[in-house]
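Chemist: Please read through the structure below; I'll follow up with questions.
Values quoted throughout were computed directly from the atomic coordinates according to the rules given, and no laboratory measurement underlies them. Keep in mind it's a predicted model, so treat the numbers as computed, not measured. We place every Cβ from the backbone using ideal geometry, glycine too, and count neighbours over all the protein chains shown.
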Amino acid sequence: MTEDRKSELNQICLKLRIDLVDLLHSIQTGHPGGSLSCTEILAALYFEIMNIDPKNPQMEGRDRLILSKGHAAPMLYLILAESGYFPKEDLKTLRQTGSHLQGHPCVHKTAGIELSTGPLGLGLGAGIGMALGERLKKSDAFIYVVMGDGEIEEGAVWEAAMAGSKFKTSNCIAILDNNGVQLDGTLEEIMPLGDIGAKWSAFGWNVIKCNGHDVEAFAEAVDEAKKEKDKPSIIICSTVKGKGVSFMEGKNIWHGKAIGRQEYIQAKTELGGFGS
Ligand SMILES: Cc1ncc(C[n+]2csc(CCOP(=O)(O)OP(=O)(O)O)c2C)c(N)n1
Ligand SMILES: [Mg+2]
């Protein structure tokens, strides 16, 4: 990745963070922490990595993104709108009755959404199924499944991990947003996972680690994952929940909390969102 492209993507991520804070403050609901945590991951996938056509969301042979940690929908919606899947105007209807932008992604309502999610733990199994379907069609498309680290405490994730290993679905790339924090506390407090890489490795997966806030490192990790053909890969991204807003960083209370007036001003100031 060139330095220019890296800095362009970093600028896009900064703008996305500012837009997220504006949006969630305006609707007084939603999930800031987990959205800020996966900003670079989603931006790199949509703006740099995936083979997609926002004007033709059902394009045959497209790559697919499953946001298995569906509560980070606000960041995904911002990116889908920026990509042109639907008008940016729609964003202000987020979480309103009748809006196609519900609190968690819905495949039947929103262009660009590949799977309805929200109940944690279901994305990987579905992604492996899609990957098997693509294999039958002899397509070279990739399925990307973004999971939270609290999410992988769900048993269904490990059933899917076994299936991915058995069926060698190397065209399904799992991405772990490893911020160390879940809804009610840290992973260590709620349910320690120990050595996460060793666990996936023991389940037969190719484990790649990277800094999830470095778009270039993440894109390189995806390239490495794509080269592995004998087993599925998981990219364990080291991230910070609430990244970019000091008082949200690493704090589980910002998992899903309305942004108050003073907090909004501080967050926007820190992000440079009021201009200079
Ligand atoms: C099956 C299920 N159980 C509980 C919840 C409630 N819930 C929503 S988000 C969340 C915490 C998720 O933590 P993590 O996966 O680490 O997400 P992140 O830190 O990336 O926001 C919980 C418990 C849910 N959505 N689905
Ligand atoms: Mg987490």
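Chemist: Just need the relative contact order of the chain here, percent rounded to a whole number, with Cα pairs under 8 Å and 6+ apart.
Modeler: 23
Chemist: Under the Kirkwood approximation for Rh and a Cα-based Rg, what ratio Rg/Rh is obtained for region 167-265? Could the numbers behind the result be given before it?
Modeler: Details: Rg = 16.1 Å, Rh = 15.1 Å.
Here Rg/Rh amounts to 1.07.
Chemist: Run the numbers on region 180-275 and let me know its relative contact order in percent, using alpha-carbon pairs under 8 Å that are six or more apart.
Modeler: Values: 104 pairs, mean separation 26.7, N = 96.
In percent, rounded to a whole number, it is 28.
Chemist: Rounded to the nearest 5, what % of DSSP beta bridges with both residues in the chain are antiparallel?
Modeler: Within the chain, antiparallel bridges account for around 5 percent of the total.
Chemist: Counting other C-beta atoms within 10 Å, which of Arg95, Arg17, Arg64 has the fewest, and how do the rest follow? Don't skip to the end; give the middle numbers.
Modeler: Numbers: Arg95 17, Arg17 25, Arg64 22.
Fewest-to-most Cβ neighbours within 10 Å comes out as Arg95, Arg64, Arg17.
Chemist: Moving to a separate point now. Among the DSSP beta bridges whose two residues both lie in region 152-276, what percent are antiparallel, rounded to the nearest 5?
Modeler: 10
Chemist: Classify the chain: rounded, prolate or oblate, from the alpha-carbon gyration tensor (a ≥ b ≥ c, eigenvalue square roots; a/c under 1.5 rounded; otherwise prolate if a/b is larger than b/c)?
Modeler: prolate
Chemist: Divide by every residue of the chain the summed helix terms, -39500 (n - 2.57) for each DSSP H run of at least 4, and state the resulting mean residue ellipticity at 222 nm, rounded to the nearest 500 deg cm²/dmol.
Modeler: -12000 deg cm²/dmol
Chemist: Which of Tyr77, Tyr264 has the fewest other C-beta atoms within 10 Å, and how do the rest follow up to the most?
Modeler: Tyr264, Tyr77
Chemist: Name the GluC sites (Glu not before Pro) in region 27-102 that are in a loop by DSSP and that have at most 13 other C-beta atoms within 10 Å, would you?
Modeler: Qualifying residues, ordered by number: Glu60.
Chemist: Where does helix 155-166 land angle-wise versus the long Cα axis of the chain, in degrees 0 to 90, nearest 10?
Modeler: Orientation of helix 155-166: about 40 degrees from the principal axis.
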